[in-house]
Amino acid sequence: MPAASTTPAPAAVSLGAGVVKRATRLADGRELIYFDDPGTALGADRRVDARTLDPRPATATMRRDVLTGDWVSVAAARQNRAFLPPAELDPLAPQTPTNPSEIPSRYDVAVFENKSPSFGPALATAHGDAPAAVDAPLGLDDLDAPGLGRTRTSVGRCEVVCFSPEHAGSFGTQSRVRARTVIEAWADRVAALSALPGIEQVFPFENRGEAIGVTLPHPHGQIYAYPYVTPRTQGLLRSIEREGEDLFARILEFERASERVILAGEHWTAFVPFAARWPLEVHLMPHRHVADLAETSAAERDELAPLYLRLLRGVDALYDSPTPYIAAWHQAPVNVGRSSVRLHLQLTSPRRAADKLKFLAGSEAAMGAWIGDIPPEAAAARLREAVASIPEVTE
């Protein structure tokens with residue numbers, strides 16, 4: 001790896017909570033964005049990515065499952081992604097002379113385009129460095145059309161969100177200040193990705209633990225920008241049509257009156273849902289209607305940082321070892337359901353005991369017919385006790 005040189009500071013953009021955003025490019029043209037903590041000890045300059053990289057892989061192709069109507073992205077380039085590398089070869093750590101990683105400079109929070117994405121870099125129309133899709137522009141009517149053997153280019157974008165330069169950890173191991181920086185980065189990226197041509201839904205998430213399939217222990221999450229409304233959200237939209245536009249307001253009122261509440265603040269409430277599927281399942285919902293993270297207020301983001309940290313640390317207090325989970329931020333689609341689909345987190349874990357996991361067997365995996373192992377009220381009582389053992393997050 002050639003010796004890194006320093007480039008003049010990328011243009012700084014001030015965001016909320018004192019966070020500063022600096023956008024630059026990696027050696028193969030992918031976008032890299034630094035989000036600096038308020039009062040960061042880092043300088044303004046950033047190193048140039050001096051690596052010699054292969055061209056980016058071609059955009060994957062989607063195939064339509066005619067039995068379900070779902071689109072399946074076939075992204076063969078993902079077979080080459082890193083798998084549990086040693087700390088000295090961490091691809092998400094800052095570059096060193098012996099570690100030609102993805103991020104040239106020391107950072108607080110960094111977001112970059114995935115090297116082996118499931119969607120993109122092509123978009124429905126050309127945008128900046130992203131080319132146009134090779135077939136007709138995608139639209140919801142086109143995606144829903146019938147027919148066997150239908151394919152489309154997997155337009156979109158996939159980004160990696162590094163919560164810290166440290167090799168190991170998760171969102172829950174970050175400081176209150178760092179968590180607030182990540183939340184600001186999420187909101188910024190949700191707005192930017194939602195504005196890209198051909199994007200119908202944006203999904204920030206964190207996978208944690210090898211049991212979930214995580215291949216990098218580095219504290220990070222991802223953001224997917226899809227060219228369609230995902231099957232899970234399509235089902236939600238059908239439920240809203242059946243139950244009414246105020247469904248989320250009524251769910252929040254119902255759950256806040258129950259014994260399943262785990263943690264509540266002025267702006268957010270965390271609860272185990274009435275019909276929880278997983279042994280450990282918690283939903284975190286804002287008290288007012290917002291469609292996505294970009295629509296949250298400064299006060300909501302300020303409270304979310306310590307409240308979410310306390311929730312995650314409570315999850316880890318259940319057992320003597322960290323709990324694997326998927327933390328999924330469900331948001332309204334870009335072009336439909338904005339007034340009815342409310343932003344909310346769904347945190348799920350297959351861990352049903354200290355040394356036992358719930359595996360999706362015949363009924364769940366094949367038929368989608370779930371059988372719960374633990375009554376939601378019992379799960380809520382254990383988790384509420386664990387969260388109560390965690391002190392207020394002040395730093």
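The values are calculated or read from the model by the stated rules, or taken from the named source; none is laboratory data. As the structure is a computational prediction, the values presented were derived from the model and not from experiment. Cβ atoms come from the backbone with ideal geometry, glycine included; neighbour counts cover every protein chain shown. Remember, those area values only see protein heavy atoms, side chains included, never the ligands or the DNA or RNA. Shrake-Rupley method; radii C 1.70, N 1.55, O 1.52, S 1.80 Å.
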Check your understanding: Taking the Cα centre of the chain as the origin, how large is its charge dipole in debye, to the nearest 20, when only Lys and Arg (+1) and Asp and Glu (-1) carry charge on their Cβ atoms?
Key -> 460 debye
Point to revise | segment 233-389, dipole about Cα centre (Lys/Arg Cβ +1, Asp/Glu Cβ -1), debye to the nearest 20 | key: 280 debye
**Study point:** Listed residues 275, 257, 314: farthest to the positive end of the dipole of segment 220-336 (Cβ charges)
**Key:** 275
Revision key, fill the gap. From the Cα centre of segment 370-389 to that of segment 246-310, the distance in Å is 16 Å
Check your understanding: (1) 130; (2) 169; (3) 145: which one is volume of the Cα convex hull per residue in Å³ as calculated from this entry?
Key -> (3)
Point to revise | Highest-fluctuation residue, 284, 247, 343 considered, GNM on the chain with Cα pairs under 10 Å | key: 247
Exercise for review: Give the residues of segment 7-37 whose amide nitrogen is closer than 16 Å to a point set 7 Å from the Cα of residue 44 in the direction of its Cβ.
Suggested key: 7-15, 19-24, 34-37
Review point. Given only helices, namely DSSP H runs of n ≥ 4 each adding -39500 (n - 2.57), what is the per-residue ellipticity at 222 nm of the chain, to the nearest 500 deg cm²/dmol?
Key: -6500 deg cm²/dmol
Study note, to complete from the structure: Stretched fully, the stretch from residue 12 through residue 361 gains (0.36 nm per residue minus C-alpha distance, one decimal, in nm) 120.6 nm
Exercise for review: Place +1 on the Cβ of every Lys and Arg and -1 on the Cβ of every Asp and Glu in the chain, take the dipole about the Cα centre, and give the residue among 289, 171, 340 whose Cα lies farthest towards its positive end.
Suggested key: 171
Exercise for review: For residue 21, list the lysines whose Cα falls under 26 Å from its own Cα; do not include residues on the same chain fewer than 8 positions away.
Suggested key: 115
Exercise for review: Using a 1.4 Å probe over the heavy atoms of the protein chains, calculate the carbon and sulfur portion of the accessible area of the chain as a whole percent.
Suggested key: 53 percent
Exercise for review: Kindly state, to the nearest 0.05, the FRET efficiency for residue 210 paired with residue 388, given R0 = 22 Å and r defined as their beta-carbon distance.
Suggested key: 0.15
Check your understanding: What spacing in nm lies between the two simple spin-label points modelled at residue 258 and residue 142, each 7 Å away from Cα in the Cβ direction?
Key -> 4.2 nm
Check your understanding: Semi-axes, largest first, in whole Å: what does sqrt of 5 times each Cα gyration tensor eigenvalue give for segment 12-228?
Key -> 31, 19, 17
Practice item. Could you please report the charge total around residue 249, scoring K, R as +1 and D, E as -1 over all other residues with beta-carbon less than 13 angstrom from its beta-carbon? Key: -1
**Study point:** Proximal charge balance of residue 293 [Cβ under 10 Å; K/R count +1, D/E count -1]
**Key:** -3
**Study point:** Under-5 Å amide H pairs with residue 352, H placed in peptide plane, nonlocal only
**Key:** 357, 358
Review point. Farthest toward the dipole's positive end in segment 298-395, which of 330, 349, 388, given Cβ charges of +1 (Lys, Arg) and -1 (Asp, Glu) about the Cα centre?
Key: 330
Review point. So what's the net charge close to residue 223: Lys and Arg +1, Asp and Glu -1, counting the other residues with Cβ under 13 Å from its Cβ?
Key: -4
**Study point:** Estimated FRET transfer efficiency (residue 66, residue 353; beta-carbon r; R0 45 Å; 0.05)
**Key:** 0.65
**Study point:** Charge dipole magnitude, Cβ of K and R +1, D and E -1 - segment 12-228, Cα centre, debye nearest 20
**Key:** 200 debye
Revision key, fill the gap. Computed ³J(HN,Hα) along segment 275-286: with the Karplus parameters 6.51/-1.76/1.60, θ = phi - 60°, integer Hz and x for glycine or proline, the list is 10, 4, 8, 8, x, 10, 9, 10, 10, 10, 10, x
Review point. If you find the alpha carbon centre of segment 11-51 and of segment 91-115, how far apart are they in angstrom?
Key: 12 Å
